[in-house]
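A.B. asks: Pasting in a structure now, in structure tokens, and then I'll have a few things to ask.
All of the numbers you see were taken from the coordinates with simple rules; none came from a lab. Keep in mind that what you see is a predicted model, and the values were worked out from it rather than measured. A quick note on method: Cβ atoms are made from the backbone with ideal geometry, for glycine too, and the neighbour counts reach across all protein chains shown.
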Amino acid sequence: MIEAPALDNSPAEARLYRRIAWRLLPLLMVCYVAAYLDRVNVGFAKLAMADELHFSEFVYGLGAGIFFIGYFVFEVPSNLMLHRIGARIWISRIMISWSLVSGACAFIQGPTSFYVLRFLLGVAEAGFFPGILLYLTYWFPACRRGQVIALFMIAIPLAGLVGGPLSGAAMQAFDGAWGVSGWRWMFAVEALPALVLGLMLPVLLKSRVDQVGWLSPEEKARVTRAVADGDPPAGEQPGSLRAVLSSPPMLLFGLIYFCCIMGQYGITFWLPTVIARVAHASPLAVGVYSALPYAVAVIAMAAVGRHSDRTKERRWHLIAPMVIGAVALAAVPLAGTSLAVSLTLLCVATAGILTTTPMFWTLPTAQLTGRAAALGIAAINSVGNLAGFSSPLLVGWVSDVTGSPQAGLNLLAAILLAGAVLVAIATRLRRDPVHGQRA
């Protein structure tokens, strides 16, 4: 079993990493909120766009998911570029380009333009999320990444918490202004934060530890040494993309992450639709209701990440949320027409499913560094995010074929359970790639 280095939790060390976290995480979280909002606000646009443009569930699912084809193709090259030229410039480039494409979604006229713009949005955003993960490995040793990654990824439910009411309000308030539908205004308005942040990022962000002025030389040396001590030996890491893709642990990581992402995008793309069917409410009310599951997820992700670091345990902190999320998702139809019970189950499902992603990323980031980290994180994220294409497409197709939206959600629940089984099986491998830390 691969053991993590002991966590140095002395007061001085805790203060140092707390200061680093406060310097980096708020900005990175705001950037990810903007990214995630532009990626998934199509779920709210669907409430009006599908009727106006006569999209079937399958057409919507294909358009929502095709984002991840462009994302998949350009993910690894983008992450290698970030490793080469630095996070400051490359993340800025990513944010500016995706904001322009996201704003252009206001001009969608039919399935073809819907597919093209969603594909281009994936191309523009490729490398952002794995690039941030790679960037965090430069600042935090493996033993501290559970809580740090969980805090960063709280941006996902925050995007839902903020984006739900914002999207609903924009669609309702601007609907009909200058003869333009509310969902078109929503795309235009929500593209602006990413554009502003992208322009500011070269000034606000430094690429490496040795470039900042708010750490002393001794503190920089401590951070650099702690990160290096927690990294695996270079000889134990894959050195090329072919080696990454043919490595059994990396393939296993990709499969497990695929299952996590299937559930995650099942929630983000279909939560407004599920709530709208039960609540029969306005877009603004649906947005407010949809914020509740994300609020619960914020608390769950922070608590689980913190507990995982304290106990140095990774396996069950990943398996348990997958199982809980799957069971709650499958139980949603048992609520019938009760909005209160439906929201309670969706809160549990959302908290469980969104918690799986940061817990997963504590595993590969503990085993990779340098160029291998740039390759491995991007490759795993690329393979896993094919689920972002598969999830809305399969849910839409199954819903159309069966006439029941719940059938698609049941499929997602089954895939999450399969992922939990994969995590359990993986712990039997000789090198124990799934623990990353003491189980």
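A.B. asks: With +1 on each Lys and Arg Cβ and -1 on each Asp and Glu Cβ, and nothing else charged, work out how big the dipole of the chain is about its Cα centre, in Debye to the nearest 20.
C.D. replies: Taking the Cα centre of the chain as origin, the dipole is about 1020 debye.
A.B. asks: Right, here's the next one. Ranked by Cβ crowding within 10 angstrom, fewest neighbours first, how are ARG18, ARG145 ordered?
C.D. replies: Ascending Cβ contact count within 10 Å gives the list ARG18, ARG145.
A.B. asks: Further question on the same structure: Is it possible to state the helix-based mean residue ellipticity at 222 nm for the chain, with each DSSP H run of 4+ residues giving -39500 (n - 2.57), the sum divided by total residues, to the nearest 500 deg cm²/dmol? What is it?
C.D. replies: Calculated mean residue ellipticity at 222 nm is -27000 deg cm²/dmol.
A.B. asks: Using a Förster radius of 30 Å, what is the FRET efficiency between ASP51 and VAL196 based on their Cβ-Cβ separation? Nearest 0.05, please.
C.D. replies: In this case the efficiency is close to 0.40.
A.B. asks: Also: Using only the alpha-carbon atoms, how far is helix 217-230 inclined from the longest principal axis of the chain? Give it as 0 to 90 degrees, nearest 10.
C.D. replies: Computed tilt is about 80 degrees.
A.B. asks: Let me ask something else about it. With θ set to phi - 60° and the Karplus curve 6.51 cos²θ - 1.76 cosθ + 1.60, what are the ³J(HN,Hα) couplings of the stretch 294-310 in order, to the nearest whole Hz, using x for Gly and Pro?
C.D. replies: Here the 3J(HN,Hα) series is 5, 4, 5, 5, 4, 5, 5, 5, 5, 5, 5, x, 5, 5, 5, 5, 5 Hz.
A.B. asks: Normalising by the residue count of the chain, find the relative contact order in percent from Cα pairs under 8 Å and 6+ residues apart.
C.D. replies: Across the chain, relative contact order equals 28 percent.
A.B. asks: Where does helix 315-331 land angle-wise versus the long Cα axis of the chain, in degrees 0 to 90, nearest 10?
C.D. replies: 10
A.B. asks: Compare MET29, MET301, MET322 in a GNM of the chain, Cα atoms joined below 10 Å, and give the one with the largest fluctuation.
C.D. replies: In this elastic network of the chain, the residue with the biggest mean-square fluctuation among MET29, MET301, MET322 is MET29.
A.B. asks: How many Å³ per residue does the convex hull of the Cα positions in the chain occupy?
C.D. replies: Value for the chain: 126 Å³ per residue.
A.B. asks: Now, a different point. Give me MET250, MET95 ranked fewest to most by other Cβ atoms within 10 Å of their Cβ, as a rough exposure proxy.
C.D. replies: Neighbour counts put them in this order, fewest first: MET250, MET95.
A.B. asks: Whole number please: convex hull volume per residue of the Cα set in the stretch 250-340, in Å³?
C.D. replies: Enclosed volume per residue, from the Cα hull, is 107 Å³.
A.B. asks: Shifting gears a bit: Using Cβ counts within 10 Å as a stand-in for footprinting exposure, how do HIS83, HIS307 rank, fewest first?
C.D. replies: By the 10 Å Cβ count, ascending: HIS307, HIS83.
A.B. asks: A further question on this structure: Please give, to one decimal in nm, the separation of the simple spin-label points placed at THR337 and ARG15, each 7 Å out from Cα toward the Cβ.
C.D. replies: With each label placed 7 Å out from Cα toward Cβ, I get 6.2 nm.
A.B. asks: If you line up the long axis of helix 155-173 against the longest principal axis of the chain, both from Cα atoms, how many degrees apart are they, to the nearest 10?
C.D. replies: Orientation of helix 155-173: about 20 degrees from the principal axis.
A.B. asks: Let me ask something additional. If the viscosity is 1.002 mPa s and the temperature 20 °C, what translational diffusion coefficient in µm²/s does Stokes-Einstein give for the stretch 95-243 when Rh comes from Kirkwood over Cα pairs?
C.D. replies: Translational diffusion coefficient: 115 µm²/s.
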